[in-house]
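Report on the following structure.
The values are calculated or read from the model by the stated rules, or taken from the named source; none is laboratory data. No experiment lies behind these values; they were computed from the predicted model shown. Cβ coordinates were reconstructed from backbone atoms using ideal geometry, including for glycine residues, and neighbour counts include every protein chain displayed. The accessibility values were calculated without ligands, DNA or RNA, using every heavy atom of the protein model including side chains. Shrake-Rupley method; radii C 1.70, N 1.55, O 1.52, S 1.80 Å.
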Amino acid sequence: MSFVLPNLDYAYNALEPLIDARTMEIHHTKHHAAYTNNLNNLIAGTELENLSIEAIMAKADTVPAGVRNNGGGFYNHNLYWKVLTPGGSKEPKGALKDAIVRDFGSVEEFKAKFAAAAATRFGSGWAWLVKVNDSLVVGSTPNQDNPMMPVSEVKGTPILGIDVWEHAYYLNYQNRRPDYVEAFWQLINWDVVADYFHG
Ligand code: MN
């Protein structure tokens, strides 16, 4: 079995001006494609070859570093493209909004906590909204780690994630990571996040 680089549900320029087309194209066709190809090459002919990506993530503490890094890169970007949408900006609603208010106090307090996690992740990594049993928590991971991995400080199912590697924003925002995080709120597909929340 080989993992397949997914097509995006929208054009590379669909998120402009908040995320530029050149960044999206390089991110998808170079970075995500490389993680996918590297993962496939690393697991070919091994006992990992027939596992789901979720199963590989769950044993990321025992697999070779290359599988952890490239498998995480494959999984994380699949989620990232899905939670973005052109002209997003819709707020969470229904049971997801209720859970956010219950666990963070308000949507605004959740956003502040998530933005802080994104801003303070030193170097390359991700910030996450994570479902842990029936609760929601915010966390971050270095490199291409994610909350599915036993090595993660916050362990659970990621339902929203932001890539804070410089390759995700540098052409448009240079060193201004907080501006990219602010733009991210206008691009979220909350219906997809709710689908992940409900599992
Ligand atoms: Mn990336």
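List of remarks:
- Summed over the range 66-95, the residues that are in contact with a His (Cβ under 8 Å, 6 or more places away or on another chain), away from the ligand (no atom under 16 Å from the Cβ) and within 24 Å of PRO6 (Cβ to Cβ) give a count of 0.
- Cβ pairs under 6 Å, 6+ apart, first in the range 77-106 and free of Cβ contacts under 8 Å to residues at least 60 places away in the same chain and open to solvent by 20 Å² or more (accessible area, probe 1.4 Å), second of a type in the set (S, T, N, Q) and within 16 Å of the ligand (Cβ to nearest atom): none
- Qualifying residue in the range 28-41 (condition: in a loop (DSSP other than H, G, I, E, B) and among the β-branched types (Val, Ile, Thr)): no
- Residues in the range 14-65 that are among the charged types (D, E, K, R) and within 16 Å of the ligand (Cβ to nearest atom) were compared, and the one that is surrounded by the fewest Cβ atoms within 10 Å (Cβ to Cβ) is LYS30.
- Of everything listed in (1) at pLDDT 95 or above; (2) at negative phi, the single unmet condition for GLY105 is (2).
- Filter pass, GLU182 being away from the ligand (no atom under 16 Å from the Cβ), in contact (Cβ under 8 Å) with a residue 12 or more places away in the chain, charged (D, E, K, R) and assigned to a helix (DSSP H, G or I): yes
- Residue match in the range 132-146 (condition: surrounded by 14 or more Cβ atoms within 10 Å (Cβ to Cβ), under 23 Å from ALA168 (Cβ atoms) and in contact with a Lys or Arg (Cβ under 6 Å, 6 or more places away or on another chain)): yes
- The set of residues in the range 150-179 being within 26 Å of ASP9 (Cβ to Cβ), away from the ligand (no atom under 16 Å from the Cβ) and open to solvent by less than 10 Å² (accessible area, probe 1.4 Å) consists of ILE159 alone.
- Condition met for PRO86 (farther than 15 Å from LYS131 by Cβ and either of a type outside the set (Val, Ile, Thr) or in a loop (DSSP other than H, G, I, E, B) (or both)): yes
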